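Take a look at the structure below.
The values are calculated or read from the model by the stated rules, or taken from the named source; none is laboratory data. A quick note: this is a predicted structure, and the numbers were derived from the prediction, not measured. Note: ideal-geometry Cβ built from the backbone for every residue, glycine included; neighbour counts use all protein chains shown. Areas reflect the complete protein model, heavy atoms only, side chains present, ligands, DNA and RNA absent. Shrake-Rupley method; radii C 1.70, N 1.55, O 1.52, S 1.80 Å.
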Amino acid sequence: MKRIWSPWRMEYIENHEKQEGCIFCNALARPDDAENLIIKRGKLAFIILNLYPYTSGHIMVAPMAHQPSLEFLDPDSRAEMMELVSQSIVVLKKIYKPQAFNVGANIGEAAGAGEPGHVHLHIVPRWAGDTNFMSTLGETRVLPEALEQTYKRIKAGFQR
Ligand SMILES: [Zn+2]
């Protein structure tokens, strides 16, 4: 497992379970969205739950197109990604009532991207002091909510 520092401080966890191919394209190609943690499919972009969340409600927005960086996408894909980020913030605010958010991307492996071939934006709800109770014990992150529960809540939030 690689440990590359990034300003978003969570992507190294994505390297924990390496699967064949791209995690985003693999999830898109499979029919069961719940099993693959896809929250919402748009036309040119989609929302997916992070399998190894930094905090509860940590989601990612990625384009349908397998491209390593934003400048390779068409403007419509970029616009839809930003729209999905914005919708995600609205939904996450209602469900988790976070005090703040980190929104951003690790572009390229040296920046800490877990899937450098497919650009994605992280949306991480934050609370004052969350780095304390979310402290890392070896490889295990202590999270207050099961992933399945997070998926159900956010999915429902988008359907409302
Ligand atoms: Zn991909």
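When the residues of the stretch 28-38 are filtered to those that are more than 9 Å from the ligand (Cβ to nearest atom) and buried (at least 16 other Cβ atoms within 10 Å of the Cβ), the one that is farthest from residue 156 (Cα to Cα) is 36. How about the stretch 34-48: which of its residues are at pLDDT 95 or above and either within 14 Å of the chain's Cα centre (by Cα) or among the charged types (D, E, K, R) (or both)? Result: 38, 39, 40, 41, 43, 45, 46, 47, 48. On inspection, residue 90 fails the criterion of being more than 16 Å from the ligand (Cβ to nearest atom), open to solvent by 10 Å² or more (accessible area, probe 1.4 Å) and under 12 Å from residue 58 (Cα atoms).
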